[in-house]
Every structure is written in structure tokens, then in C-alpha cells.
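One structure is given here, and the rest of the page talks about it.
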Amino acid sequence: MRVLTGLQPSGSLHLGNYFSAIKKILDYQSKEELFLFVANLHSLTTFQNKESLVQFTNDAVLDLLALGVDPKQTVFWIQSEVPEVNELTWILSQCITVPQLQLAHSYKDKVAKGFSPSGGLFIYPILMGADILLFSSEKVPVGKDQKQHLEFARDIAEKFNSQFGPAFQLPEPDIAEETAIVPGTDGAKMSKSYKNTINLFDSEKGLKKSIMSIVSDSKGIDEPKDPETSIIFQIHSLFLGKNEKEQLSSEYKKGGKGYGDLKKLLLDQVLATFEPFRKERERLAKEEAYVQEVLRQGRDKARSVASIKIKEIRSILGLPT
């Protein structure tokens, strides 16, 4: 089965990325045919400047490799290096209406939070659909908030197939319900856009600052705390097995620890978990030639698949091939 997913290089990878996407990516890598890309075209919807885009893209590549992405098992590339996706985006834009795009949750949410609604933000679901359909993806790991975009991709594919012939595979979503949305330091979904992240490869000082900023109520040290409503517990529990989670829950309920103590426990957990990955990232950062060769091979593999599909689509539409 072919599985496809991508991650935006719009800032440092964070715990939300890790628990909602990367752990699943690594699981798929050992079992399925995995296509994984760094979605630098998608990140243009929140573009800051050239230097940031280059830095964030390079960081995302190093982060993913350090966390365990294996280029021998996974087709791994940078999105913009496969230009066929841009052509397919234009073609697919004819298969979805403006009223449909106006219903996109991501568009409405960002506008509600004060983001200026660019055309790119508006047609974001079409580019995502092109990513998915170009590579005949059978399954796409998505968070709950991205499920609608996959439904758009299916709607687009069905309309194209109905009008022109069976060209596109209809992808299926894969959502891990228990970790689909990871809370940020303010309780909202952890997102670079909302500036509420705990970044995987921050310094110890940076991690401490982020974790100590997690919002909590005003209960004192001796008062029982409710783990079900505690953002600190919700994040910490993602690292734990069933028995460990129950034990931590009991610590909250019996009191005796302040929120500062509970945040320190979370900090220790984060540092211990990601220490091996941190060392691997430091090693990879010194192996630039190796990393560039990995990306070249991934690009070539991705383009070999994309070029076949785009030629098929051109032929169906009567465009020169």
C-alpha cells in the first residue's frame, strides 16, 4: 500500500508534529511504501522571508532524518523539486468550486484569528489534493483538522474521474483518534501559526521556557489537580504507557505537587526521550554532502512517478505530452 504525507517547514518541528504525524510515519516506513515530502510550497501561505524558508526547510530535512526517516525505505524529497505538482494543482482547480473552498475549516479558522486571506491560503486544499493524487496515494495520515482536506481531494478525484475517465486513486484517511490533536502551551491545538509549540530540538533552556509557560489554573501545591483538564497532563501522557499514565494521574489527584513540579517532570521526560535524536541531528548537520545526496535520490524517485501520472492526465485532457 502506498502511503503519502508531508510536513510544512514553517518553523521547528514540535511535539504536535511528532505525536500526530512523525510516530505514524516511522511506523508506516517499516510496513508500507511510504512517500514523504517537506511541503515548502505549502509554507508559502505563511511566508516570512527567503532566509527563513531556506533555514526551516533545511531544519525539517535534518529533523526528519534524525528522528528516524530512512531514505532506503522511504521516498523522501522537497516538494518544490517536483514541479509536476504545480501543473496538477492548476488542472484540479477546475474540479472544485469557490463555495466548496469557502467551507474549508483551515481557511475559516485562520481568517477568524486575523490572518490575511491570500489566494494561496484559499486554494491550499487544491495543492494538497495535487500532492495526494499525483502519487496515486492509497492512504494519507491526517489529523482531525486535516480530514476535510482529504475529503476535498476525494471529491476532486471523483469529479475528474467521472468527467474524463478513471485517472485517480481515491485516497483513504488514517487518523489516530487518541493523538489526533496535541494541545499547545495555551490549550489550543499545538501549531507554529499559533506560537504555542514545544519544539523537539530546542535547547534545554528553550524547552524549559516553553514548558513552564503552559497555562494552568490557580490551585495550590496541596490541592488535588484534575488530570482530565490539565494541559500539562494531556501533553505528558502522550509519552506514557497505560500503567504510567494511571500512576501520573494519581499523582495529580492526590495533590502534594505544584504545577511547577509537574512541569519539571514533563521537561525531564522530553529531554530524556529526545536526547538520542538530538545527538543524531548534530551528526547529520556535519554531513551536508550525504544529506544532499539523499534529497537528490528522493527527488528523482518522486519525479519518476509524478511524470508518468502527469503525462497520463495531459493525454486524457488533450494537452501535449
Original post:
If you go through the range 107-121 one residue at a time, how many are surrounded by fewer than 16 Cβ atoms within 10 Å (Cβ to Cβ) and hydroxyl-bearing (Ser, Thr, Tyr)?
Top reply: 2
Original post:
For the range 226-269, what are the residues that are touching a Lys or Arg at 6+ places or on another chain (Cβ under 7 Å) and in contact (Cβ under 8 Å) with a residue 60 or more places away in the chain?
Top reply: LEU267
Original post:
Which one is farthest from the chain's Cα centre (by Cα) among residues in the range 210-234 that are outside any loop (DSSP other than H, G, I, E, B) and not aromatic (Phe, Trp, Tyr)?
Top reply: MET212
Subject >> Residues that are of a type in the set (Asp, Glu) and open to solvent by less than 80 Å² (accessible area, probe 1.4 Å), drawn from the range 238-286 >> reply: GLU251, ASP261, ASP268, GLU275, GLU280
Subject >> Residue among VAL69, VAL61 that is surrounded by fewer than 21 Cβ atoms within 10 Å (Cβ to Cβ), aliphatic (A, V, I, L, M) and under 24 Å from PHE274 (Cα atoms) >> reply: VAL69
**OP:** Determine which member of the set ASP131, ASP109, ASP155 is outside any loop (DSSP other than H, G, I, E, B), touching a Gly at 6+ places or on another chain (Cβ under 7 Å) and of a type in the set (D, E, K, R).
**Re:** ASP131
**OP:** Go through (1) at pLDDT 95 or above; (2) assigned to a helix (DSSP H, G or I) one by one and return the number of the condition PRO125 breaks.
**Re:** (1)
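Out of everything in the range 1-33 that is hydrophobic (A, V, I, L, M, F, W, C) and closer than 19 Å to LEU133 by Cα, what residue ends up being nearest to the chain's Cα centre (by Cα)? Break it down stepwise before answering.
Narrowing the range 1-33 to residues hydrophobic (A, V, I, L, M, F, W, C): 1, 3-4, 7, 13, 15, 19, 21-22, 25-26.
If we keep only those that are closer than 19 Å to LEU133 by Cα too, we end up with 1, 3-4, 7, 25.
Working: MET1: 20, VAL3: 14, LEU4: 12, LEU7: 4, ILE25: 10 Å.
The extreme case among them is LEU7.
Do the conditions hold for SER80, that is, is it crowded, with 17+ Cβ neighbours inside 10 Å, free of Cβ contacts under 8 Å to residues at least 40 places away in the same chain and within 19 Å of GLY119 (Cα to Cα)? Break it down into steps so the answer makes sense when it comes.
Working: crowded, with 17+ Cβ neighbours inside 10 Å: yes; free of Cβ contacts under 8 Å to residues at least 40 places away in the same chain: no; within 19 Å of GLY119 (Cα to Cα): yes.
So SER80 fails the test.
Would the range 122-145 turn up any residue that is open to solvent by 10 Å² or more (accessible area, probe 1.4 Å) and among the acidic types (Asp, Glu)? Can you show your working first?
Keep residues of the range 122-145 that are open to solvent by 10 Å² or more (accessible area, probe 1.4 Å), which gives 122-124, 127-128, 136, 138-139, 141-145.
Narrowing further to those that are among the acidic types (Asp, Glu): 138, 145.
Yes, there is a match, as at least one residue in the range 122-145 is open to solvent by 10 Å² or more (accessible area, probe 1.4 Å) and among the acidic types (Asp, Glu).
The values are calculated or read from the model by the stated rules, or taken from the named source; none is laboratory data. It should be emphasised that the depicted structure is a prediction, and the values quoted were computed from it without experimental measurement. Virtual Cβ from ideal backbone geometry, glycine too; neighbours counted across all protein chains shown. Just so you know, the surface numbers come from the protein's heavy atoms only, side chains and all, with ligands and any DNA or RNA stripped out. Shrake-Rupley method; radii C 1.70, N 1.55, O 1.52, S 1.80 Å.
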